[in-house]
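Student: The structure is given below, and queries will be raised subsequently.
The values are calculated or read from the model by the stated rules, or taken from the named source; none is laboratory data. Here the structure is a predicted model, which means the values were calculated and not measured. Heads up, the Cβs are rebuilt from the backbone with ideal geometry, glycines too, and the neighbour counts pull from every protein chain shown. Please note that ligands, DNA and RNA were not included when accessible areas were found on the heavy atoms of the full protein model with its side chains. Shrake-Rupley method; radii C 1.70, N 1.55, O 1.52, S 1.80 Å.
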Amino acid sequence: MDTKKILVIDDDGLVRKSVQNLLCKAGYNVTSASDAFKAIDEIKRQDFDLIVSDIRMPGKNGVEGIREIRGIVKQHTPKDIPIIFITGYADASEELKADLLGEVILKPFDLDQLLITVREYL
Ligand SMILES: [Mg+2]
């Protein structure tokens with residue numbers, strides 16, 4: 001079976017690193033982006049099987065970024081990419097919008113729990 005590819009988006013370097021390490025150790029091929037703009041560039045460059053994204057980020061927030069990414073993906077393939085949002089700071093309205101797009105996990109989160117959720121989708 002092919003190694004599954006995951007895109008991790010978070011402006012917090014520590015979170016990005018810990019999630020990346022966790023998923024790499026679990027055998028996934030992980031690419032990370034520090035903001036939604038870089039994430040959009042990555043999605044134009046390669047296909048991913050799953051995205052883990054922060055919501056509150058400077059510039060473009062995770063919900064807007066994921067909407068744009070979904071639009072780009074749908075131009076190329078009928079399939080949708082599962083989204084897991086990890087957030088500690090999103091306001092209720094953003095959280096609600098995120099909920100409609102994918103799964104929402106609140107920070108501080110347990111890394112084991114995140115891995116369990118990732119495995120549910122892949
Ligand atoms: Mg953030």
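Student: Do we have any residue at all in segment 27-40 that's touching a strand residue (DSSP E or B) at 6+ places or on another chain (Cβ under 8 Å) and among the aromatic types (F, W, Y)?
Tutor: yes
Student: Quick one: E94 ticks every box in (1) crowded, with 18+ Cβ neighbours inside 10 Å; (2) at pLDDT 90 or above except a single one, so which number is it?
Tutor: (2)
Student: Which of the residues belonging to segment 1-50 are of a type in the set (K, R) and within 14 Å of I69 (Cβ to Cβ)?
Tutor: Restricting attention to segment 1-50, the residues satisfying the condition of being of a type in the set (K, R) are 4-5, 16-17, 25, 38, 44-45.
Within segment 1-50, K5, K38, K44, R45 meet the criteria.
Student: Being open to solvent by 30 Å² or more (accessible area, probe 1.4 Å) and more than 12 Å from the ligand (Cβ to nearest atom) is the filter here; which residues of segment 23-41 pass it?
Tutor: C24, K25, A26, G27, Y28, N29, S32, F37, K38, D41, listed by residue number.
Student: Another question, if that's okay. What's the total number of residues in segment 44-58 that are under 26 Å from F109 (Cα atoms) and either surrounded by fewer than 12 Cβ atoms within 10 Å (Cβ to Cβ) or away from the ligand (no atom under 16 Å from the Cβ) (or both)?
Tutor: We begin by selecting, within segment 44-58, every residue under 26 Å from F109 (Cα atoms); these are 48-58.
Retained after the next criterion (residues that are either surrounded by fewer than 12 Cβ atoms within 10 Å (Cβ to Cβ) or away from the ligand (no atom under 16 Å from the Cβ) (or both)): 48-50, 58.
The qualifying residues number 4.
Residues checked against (1) away from the ligand (no atom under 16 Å from the Cβ); (2) free of Cβ contacts under 8 Å to residues at least 12 places away in the same chain:
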| site | (1), (2) |
| --- | --- |
| N61 | no, no |
| E64 | no, no |
| E68 | yes, no |
| Q75 | yes, yes |
| K79 | yes, yes |
| I84 | no, no |
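Student: Which number in (1) open to solvent by 30 Å² or more (accessible area, probe 1.4 Å); (2) over 11 Å from the mean Cα position of the chain (by Cα); (3) more than 16 Å from L7 (Cβ to Cβ) marks the one condition that D80 misses?
Tutor: Condition not satisfied by D80: (3).
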